[in-house]
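The values are calculated or read from the model by the stated rules, or taken from the named source; none is laboratory data. For clarity, every value in this text was computed on a predicted model and none was experimentally measured. Glycine gets a Cβ as well: all are built from the backbone with ideal geometry, and neighbour counts include every protein chain shown. Calculation scope for accessible area: heavy atoms of the full protein, side chains included, ligands and nucleic acids excluded. Shrake-Rupley method; radii C 1.70, N 1.55, O 1.52, S 1.80 Å.
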Amino acid sequence: MITFRNLTLTDYNAFSSIRDAALINVPEAFSSSPESDKQGRKERFDATIEHSYNYILGAFQEDRLIGMAGFVKKEWAKEQHKGFIWGMYVDLAFQGQGIGKALFQKAMEQASAIKSLKQMQLCVISSNTKALRLYKKMGFETYGHEKEALFVNGQFYD
């Protein structure tokens, strides 16, 4: 059985492991590299967990963290109505079972409880058709297309 809950400070090691897996297994899906992401990771994790609005939602099989989706609410005065989903990932062994969809839905439900939130954003590479289908089913619309946004292993990704 898969359960979902917000990560706590005691989940850091599990978070760090799955974050490493995400950055290694699908490097084109993330703007961070494993090396650069480790710099300050613990501080960013702690700040997210301890923030009043921001969170990292985890999908667990028993006690094993198998998926995650982060949320951050914009803090600048003119952007406080916006939120951003980041770091969406499900362990390769658990993909194709609907866990990503459930994780994403729960992350969105939690964010929608924030009364001042009017707009949600996320980024996805244009070749990730599975993610694009999921996000479109959830009501997201493309509002921009950044050509050659990432350069990974000698290849550009939009």
Notebook entry, point to check: Out of region 119-145, which residues are under 26 Å from Lys78 (Cα atoms), in contact with a strand residue (DSSP E or B) (Cβ under 7 Å, 6 or more places away or on another chain) and open to solvent by less than 60 Å² (accessible area, probe 1.4 Å)?
Noted result: Met120, Gln121, Leu122
Check: Could you list, in sequence order, the residues of region 78-105 that are among the charged types (D, E, K, R) and farther than 26 Å from Pro27 by Cβ?
Finding: Lys78, Glu79, Lys82
Note to self: Among the residues in region 89-103, are any of a type in the set (Lys, Arg) and either surrounded by 14 or more Cβ atoms within 10 Å (Cβ to Cβ) or closer than 22 Å to Leu7 by Cα (or both)?
What the structure shows: yes
Item checked: Of all residues making up region 51-71, the number that are farther than 16 Å from Val90 by Cα and either modelled with pLDDT of 95 or more or in contact with a helix residue (DSSP H, G or I) (Cβ under 7 Å, 6 or more places away or on another chain) (or both) -> 2
Note to self: Quick check on region 100-111. Is at least one of its residues part of a loop (DSSP other than H, G, I, E, B), farther than 19 Å from Phe15 by Cβ and in contact (Cβ under 8 Å) with a residue 24 or more places away in the chain?
What the structure shows: no
Margin query: Name the single residue that is nearest to Gln95 (Cα to Cα) among those in region 146-158 being open to solvent by less than 100 Å² (accessible area, probe 1.4 Å) and part of a loop (DSSP other than H, G, I, E, B).
Written below: Asp158
Next item on the list: Test Lys78 against the stated conditions and say whether it is open to solvent by 40 Å² or more (accessible area, probe 1.4 Å) and assigned to a helix (DSSP H, G or I).
Entry: yes
Next item on the list: Would you please name the residue that is nearest to Thr8 (Cα to Cα), looking only at residues in region 44-61 that are in contact (Cβ under 8 Å) with a residue 12 or more places away in the chain and open to solvent by 60 Å² or more (accessible area, probe 1.4 Å)?
Entry: Glu50
Margin query: Can you find a residue that is out of contact with any strand residue (DSSP E or B) (no Cβ under 9 Å at 6 or more places or on another chain), more than 15 Å from Arg5 (Cα to Cα) and open to solvent by 10 Å² or more (accessible area, probe 1.4 Å) anywhere in region 62-75?
Written below: yes
Next item on the list: Consider only pairs whose beta carbons are under 7 Å apart and that are at least six residues apart or on different chains; among these, list those whose first residue lies in region 1-28 and is over 11 Å from Phe60 (Cβ atoms) and whose second residue is assigned to a helix (DSSP H, G or I) and open to solvent by 60 Å² or more (accessible area, probe 1.4 Å).
Entry: Tyr12/Lys42; Asn25/Leu92
Next item on the list: Quick one: Thr3 ticks every box in (1) farther than 22 Å from Ala102 by Cα; (2) open to solvent by 30 Å² or more (accessible area, probe 1.4 Å) except a single one, so which number is it?
Entry: (1)
